[in-house]
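Data block below; observations after.
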Amino acid sequence: MNWKKLWSLKINERLKIYLWRVASECLPWFSQGGLIVDLSGCLRHIKSAFTDFSTCQTPLPHFESTPGHGHHSEKANSLFEDWSYLLTDAAWTSERSTLAGIRNQPNMPISHLWFSKAETGSPLQAEAKAVLLAITLTHDHGWRKIWIRFDALLLVDTIIFLPHSPWEIKNIISDIVRLLALFWDWKCTWIPRSDNSQAHDLSQYGNKSNFPSFCMFEGYPDSIVPLIP
C-alpha cells in the first residue's frame with residue numbers, strides 16, 4: 001500500500017488520525033523510499049477478533065422475512081468463473097447500522113469482505129443499503145456478472161418488482177436498479193439465514209467494533225491484503 005496515496009484520499013480528519021495511530025502503534029516498519037506500510041498484523045488481529053466475536057454474541061435487531069415465492073430460492077443455472085457471488089446483511093440499532101458483504105466466485109473461497117457504518121432509519125433500510133453498497137463496490141472493481149443473495153425476502157421482491165417498493169426504501173431501490181442496469185448479467189435471490197451466517201456475523205461484529213467507518217479486505221481468513229477505496 002502506498003502511504004502517500006492513502007493520505008491524499010478524501011477522508012475526514014478523524015479517520016486520518018485513526019489511520020496514523022494504527023500506523024504508529026501497530027505497523028512494524030516504514031520504507032523510507034516509498035513509505036510502504038505493512039498492515040497484515042493489524043488485519044490478523046481484526047479477523048481473529050471477528051472470529052471470536054461471532055461465536056459468543058447475541059445478534060442485534062435484524063430485518064426478518066420468510067420465503068414466499070419459490071423462484072426466489074432457485075439456484076442460478078450455469079454460473080461460470082466470471083460470475084461473482086455476493087452475500088449481504090446488515091445489523092441495525094437506533095444509533096447506527098453496519099452494512100456487510102462478502103464476495104467469492106463459484107466453487108472458490110471468499111475473495112473479498114467488507115463492512116461499513118451507516119445511518120439508517122430502520123432494519124429494512126439497512127438491508128437495502130447493504131445491497132446497494134455491495135453492488136457499488138462490485139461495479140467499481142469491474143465484476144460484471146453478479147448473483148446477489150440475502151435473507152430479506154421483501155427486499156428481493158422489491159428489487160424485482162420495483163413499482164411496489166415500500167416508501168422507506170424507494171430511493172435506495174431506484175439506485176440499486178439503476179446500477180444493476182450497468183452489469184452484463186445479474187441475479188437476485190433469497191436465501192435462509194443459515195446460509196447467510198458469514199455476512200450476518202460480519203455485520204454484527206462491525207456494528208460493535210471501533211474500526212473506521214469503512215473496512216474492506218481481500219481474502220479470508222489467511223490472505224489479508226487491505227483495500228482502501
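The values are calculated or read from the model by the stated rules, or taken from the named source; none is laboratory data. On a predicted model such as this, the values are computed, not experimentally measured, just so you know. Here the Cβ is made from the backbone with ideal geometry for all residues, glycine too, and neighbour counts use every protein chain on show.
The residue pairs whose first member lies in the stretch 72-101 and is more than 17 Å from Ser203 (Cα to Cα), whose second member is in a loop (DSSP other than H, G, I, E, B) and modelled with pLDDT under 80, and whose beta carbons are closer than 6 Å, counting only pairs six or more residues apart or on different chains, are Ser73/Pro67.
Matching residues to (1) part of a helix (DSSP H, G or I); (2) of a type outside the set (A, V, I, L, M); (3) over 14 Å from Ala90 (Cβ atoms):
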residue: Arg178; (1), (2), (3): yes, yes, yes
residue: Leu182; (1), (2), (3): no, no, yes
residue: Thr189; (1), (2), (3): no, yes, yes
residue: Asn196; (1), (2), (3): yes, yes, no
residue: Ala199; (1), (2), (3): yes, no, no
residue: Leu202; (1), (2), (3): yes, no, no
residue: Gly206; (1), (2), (3): yes, yes, no
residue: Phe211; (1), (2), (3): no, yes, yes
residue: Met216; (1), (2), (3): no, no, yes
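Please tell me if Asp151 is more than 16 Å from the chain's Cα centre (by Cα) and of a type in the set (Asp, Glu). No. Can you tell me which residue in the stretch 132-159 is surrounded by the most Cβ atoms within 10 Å (Cβ to Cβ), limited to those that are of a type outside the set (D, E, K, R) and outside any helix (DSSP H, G or I)? In this case the residue turns out to be Phe150.
For the stretch 71-110, the set of residues classified as at pLDDT 85 or above and of a type in the set (A, V, I, L, M, F, W, C) consists of Trp83, Leu86, Leu87, Ala90, Ala91, Trp92, Leu99, Ala100, Ile102, listed by residue number. Are any of the residues in the stretch 113-126 closer than 13 Å to Leu87 by Cβ and assigned to a loop (DSSP other than H, G, I, E, B)? For the stretch 113-126, residues closer than 13 Å to Leu87 by Cβ and assigned to a loop (DSSP other than H, G, I, E, B): absent. Scanning the stretch 146-176 for residues that are in contact (Cβ under 8 Å) with a residue 60 or more places away in the chain and within 21 Å of Ala100 (Cβ to Cβ) yields Ile146, Trp147, Ile148, Arg149, Phe150, Asp151, Ala152, Leu153, Leu154, Leu155, Val156. Given the criteria in the same structural domain as Trp114 (by TED's automatic domain parsing), modelled with pLDDT under 95 and under 17 Å from Leu99 (Cα atoms), does Ile191 qualify? No: the conditions fail for Ile191.
Cβ separations smaller than 7 Å between residues 6+ apart or across chains give the following pairs from the stretch 111-134 residues that are in the same structural domain as Thr93 (by TED's automatic domain parsing) to residues that are of a type in the set (Lys, Arg) and outside any strand (DSSP E or B): Lys117/Arg96; Ala118/Lys129; Glu119/Arg96; Thr120/Lys129.
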